[in-house]
Number of protein chains: 2
Amino acid sequence: MAERLIVVGADAGGMAAASQARRRRGPDDLEIVAFDRGRFTSYSSCGIPYWISGLVDERDDLVARDPATFREQFHVDVRLRHEVTAIDLDRREVVARDLTGGGDVRERFDTLVYATGATPVHPKWARTDAAGVFGVQTLDDGDALRDWLEGDPQPRRAVVVGGGYIGVEMAEALIVRGLSVILVEQADQPMSTVDPDMGKLVADAMRGLGVDIRTGVTVTGLETHDGRVTGVCTDAGEFPADVVVLGLGVRPNTALAEAAGLPVGPSGGIRVDRRMRVVGVDGVWAAGDCVETLHRVSGQPVHIPLGTHANKQGRVAGINIGGGYATFPGVIGTAVTKVCDLEVGRTGLRESDAAAAGFEFVSVVTESTNRAGYYPGARTMTVKLIAEKPSGRLLGAQIVGWSEAAKRIDALAVALWNGMTVDEMTGLDLGYAPPYAPVWDPVLIAARKAVDALT
Amino acid sequence: MAERLIVVGADAGGMAAASQARRRRGPDDLEIVAFDRGRFTSYSSCGIPYWISGLVDERDDLVARDPATFREQFHVDVRLRHEVTAIDLDRREVVARDLTGGGDVRERFDTLVYATGATPVHPKWARTDAAGVFGVQTLDDGDALRDWLEGDPQPRRAVVVGGGYIGVEMAEALIVRGLSVILVEQADQPMSTVDPDMGKLVADAMRGLGVDIRTGVTVTGLETHDGRVTGVCTDAGEFPADVVVLGLGVRPNTALAEAAGLPVGPSGGIRVDRRMRVVGVDGVWAAGDCVETLHRVSGQPVHIPLGTHANKQGRVAGINIGGGYATFPGVIGTAVTKVCDLEVGRTGLRESDAAAAGFEFVSVVTESTNRAGYYPGARTMTVKLIAEKPSGRLLGAQIVGWSEAAKRIDALAVALWNGMTVDEMTGLDLGYAPPYAPVWDPVLIAARKAVDALT
């Protein structure tokens, strides 16, 4: 009898694991069943803002691989609209509910991949039956929001709650659609994934785009009328709204795991080892937005939900399940985003993270340009580096700029990954040509300034 | 009496050294005199093609720092149009000829920085008095070429000889100016700084731009009439031309150094140690396009003339002369360029270099996209990796693609610099967002394929 792998959650992490396991073991050797409560496999939730804005035409463009592909090419028994409601580790069984009304099924497993992702944080005030309040986590969420935006009466005034990546991207998407947008953020500034001095550049760009940013404001409730949302109540007054978008972050979806006795770490994610095995539980693996992972710089466990990590973690789990050997090395918190034409990249620790992790450090900010100063289209690129004192080891980096700024963070991410010091970095052989950089690359200029700050 | 530093050559390498030395030592402690036979200090010769094409308006835009700045802010006695004709190491003197007719001067030095750059390779057939034949090394060359292109009769037909970076960039510049352009290349393909399979993508793009590329063709002479060039003679027939641009590469300008007894290495460049001291010669330093440097991957001495290296080497020499400590770590051959909208990046060894250096290796080529496939503007990005067998250590990488492709090479350059294996690279935490990359970054996809090729 073939060994049986059950995958709980058929998105990036789960299906990367299934594909890799299948690549190494045929259907006669390993049977694979994947459950998902949704209607889609492996889709890009990061792409939803661009679909809402209209930049991306079709919802199905966001689906990387559809169930038919998994069934036919990978011989995975994909069962959508099936929510796994219990995992019995002793009996090696899961219970799955057919959400279309087919009742419960019990399925035996030898090996399990837990990949349930994350769930949006919805504070009490947001738990409402009123229409016009949306999260943007799933394609169904996106469908519902698009329908609402195109409905009658057509919404004109939007309030976005939360100024993280999704909030910022959604604010832009709604502006692009022609709505007036208020962004409400509890902290002093949106885009707190970068330090405040860098975040200010982003906030300024958003204001330039027409987003009305209200910081230091706490939402206390929603106003509704006839079952439709009409406004957002805050400690700074009420903001009228025909549509409210929630971007308050996500947390690991671990309810099912905790009920089954899987260990959860301090970050709230499931604890896994380097090979993505759930710690202390034989034959059970986990991957994606539901796990916690090692931050290579701070040495602390963190929860960083991101499709690229989910895919890598799933691949690692799948290679191991398939009989190969692979480890997930942890993360350093690299992220990029775009606000209108302004580009933002970050990696490693912010100043506040570095302090919290106990590092002594210097930080420097330099302004340079993305191209040679004389080359048409040269625009300011601001680079911030945070370096350990006195070693000079890079701890974190942030870039804000226009045209071709964000992905420059990758060179800094690889330097950070390898534990380079800013002094070593001044010698790096980076690509130089007038359309791409001044003769001193912005990264090198920043490294030089950091060296000076250390002496 | 102050110590006396003489800088021979007032471009990137020499003036970076002067500035850094001055930063650490005041005029009372260190007197600095800089000679240059040209009329400019610290200019961007890499920018000349963009000035010829008209993208950059003014010649002076290409001058990073003018003589007045060096004189006033850095207290450097800059003497332009002065060619150093002899260096006497025993008497610690240089002889400089005033090219404006002022005769020879002798100047004493305690410390010397040799930074004479490189000179274009001009084969016998190119040594002609005929008008209309141009190199593109100095701003004066550029001035002369621009005057010719705007002259009467206005040139219509250009032949560019040599398909390296300068040849390719000049071919594009001349197309932009409305000329018909033939590019003559002796090898099987232009852009031989990347492997032939990648170079073909560049050649195709150039043909798409309208450049008539003739490969495997050797130039044998020039046709002239009334003192003006009229054509280029080759072993494949004659190509009519109203203007001929030479892009046949450069070699280190070491005649003066060799006459003085400075050591020249196998690459033809001056031999220096890690601190940019000329090997075996006290108090004499060298930097820039005239020196040879260590290739960190092959372990061989190489001559790679590039402004970014010259600046770094000059900075290192200047810090050391100033009493500090700095070393130049060598190069890995990173370079980027743009052909119309096609972008090219490369780092490390090509297949032919890797074989010549004695490595066993695998190479893989992958096609991916610069953005998520569903994001508007997503275009093909081709990534090639060369990895040592069986270790998996990255030896070289090349990228060809559109929009935001070239500078992606930096992440690979930093990985290569740090000796990463392709297996380690599959775990790298690179920036992901739909406007910038698919969920598997092109670099990661290539690393995965290389891992597969190694097993």
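Since every read-out is calculated from the coordinates, none of them should be taken as a lab result. Given the structure is predicted, the values throughout are model-derived calculations rather than measurements. As a convention, Cβ positions derive from the backbone with ideal geometry for all residues, glycine included, and neighbour counts pool all protein chains shown.
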> Put the label 7 Å from Cα along Cα→Cβ for A:R228; what are its distances to the other copies, in nanometres, shortest first?
Replying inline: 7.6
> Roughly what would the spin-label model give for B:D235 and B:E360, points 7 Å off Cα along C-beta, in nm?
Replying inline: 3.7
>> Give me P(r) over the range A:335-454, computed from all C-alpha to C-alpha distances, binned every 5 Å, as integer percentages.
In response: 2, 13, 23, 25, 19, 11, 5, 1, 0
> A:V121 label points, 7 Å along Cα→Cβ, one per copy: pairwise distances from this copy to the rest in nm, shortest first?
Replying inline: 6.2
> Using a simple spin-label model with points 7 Å from Cα along the Cα→Cβ vector, what separation in nm is obtained for A:R91 and A:Q154?
Replying inline: 5.5
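Could you pull out the trypsin sites (Lys or Arg not before Pro) across the range A:346-383 that fall in loop regions by DSSP (anything but H, G, I, E, B) with no more than 15 other Cβ atoms inside 10 Å?
On the way: sites: A:R346, A:R350, A:R371, A:R379; in loops: A:R350, A:R371, A:R379.
Hits after loop and neighbour filter: A:R379.
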>> Distance between the C-alpha centers of the range A:64-88 and the range B:409-436? Whole Å please.
In response: 32
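If you take the Cα atoms of the range B:1-61, find Rg, then find the Kirkwood Rh from the mean of 1/r over all pairs, what is Rg/Rh? If you can, show how the numbers build up before the last one.
Working: Rg = 15.0 Å, Rh = 13.2 Å.
That ratio is 1.14, to two decimals.
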>> When only alpha-carbon atoms are used, what values of Rg and Dmax, in angstrom, describe the protein assembly as shown?
In response: 30.7, 102
> Suppose R0 equals 35 Å; then what is the FRET efficiency for A:K124 and A:D197 from their Cβ-Cβ distance, rounded to the nearest 0.05?
Replying inline: 0.55
> Which log10 I(q)/I(0) values, to two decimals, does the range B:12-104 give at q = 0.16 Å⁻¹ under the Debye formula with one point per Cα?
Replying inline: -0.77
>> Need the C-alpha centroid separation for the range A:185-254 versus the range B:171-238, integer Å.
In response: 58
> How much of the DSSP beta bridge set in the protein assembly as shown is antiparallel, as a percent to the nearest 5?
Replying inline: 60
>> If the only charges are +1 at each Lys and Arg Cβ and -1 at each Asp and Glu Cβ, what is the size of the charge dipole of the range A:63-154 around the Cα centre, to the nearest 20 debye?
In response: 300
> Spin-label point model (7 Å from Cα, Cβ direction): what's the A:L99 to A:C340 distance in nm?
Replying inline: 3.8
>> With the cut-off at 1.5 for a/c, could you classify the range A:396-446 from its C-alpha gyration tensor as rounded, prolate or oblate?
In response: oblate
> In straight Cα distance, which aspartates and glutamates are under 16 Å from B:K407, not counting same-chain residues fewer than 8 positions off?
Replying inline: A:E343, A:E404, A:D410, A:D429, A:D441, B:D341, B:E343, B:D441
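How much of the DSSP bridge set in the range A:1-82 is antiparallel, in percent, rounded to the nearest 5?
Values: 1 of 11 bridges.
Around 10 percent antiparallel, to the nearest 5.
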> What is the sum of charges around B:V316, taking Lys and Arg as +1, Asp and Glu as -1, for the other residues whose C-beta is under 11 Å from the C-beta of B:V316?
Replying inline: +4
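When 1/r is averaged over all different Cα pairs and the result inverted, which Kirkwood radius in Å belongs to chain B?
On the way: mean 1/r = 0.0425 Å⁻¹.
Kirkwood hydrodynamic radius for chain B: 23.5 Å.
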> Looking only at the range B:322-348, which residues have a backbone nitrogen under 13 Å from a spot 7 Å from the Cα of B:S53 in the C-beta direction?
Replying inline: B:337-344
> What are the nm distances, shortest first, from A:R106 to its equivalents in the other copies, labels at 7 Å along Cα→Cβ?
Replying inline: 10.6
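In whole Å and largest first, what semi-axes does the C-alpha gyration tensor of the range B:235-337 yield when each eigenvalue is scaled by 5 and square-rooted?
Working: eigenvalues 188, 54, 34 Å².
Semi-axes, largest first: 31, 16, 13 Å.
How much FRET efficiency would the formula 1/(1 + (r/R0)^6) give for A:R228 and A:D140, where r is the Cβ-Cβ distance and R0 is 25 Å, rounded to 0.05? Kindly include the intermediate steps, with their values, before the conclusion.
Numbers: r = 20 Å, r/R0 = 0.79.
That gives a FRET efficiency of 0.80.
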> Hey, what D do you get for the range B:122-248 in µm²/s if you plug the Kirkwood alpha-carbon radius into Stokes-Einstein at 37 °C and 0.692 mPa s?
Replying inline: 227
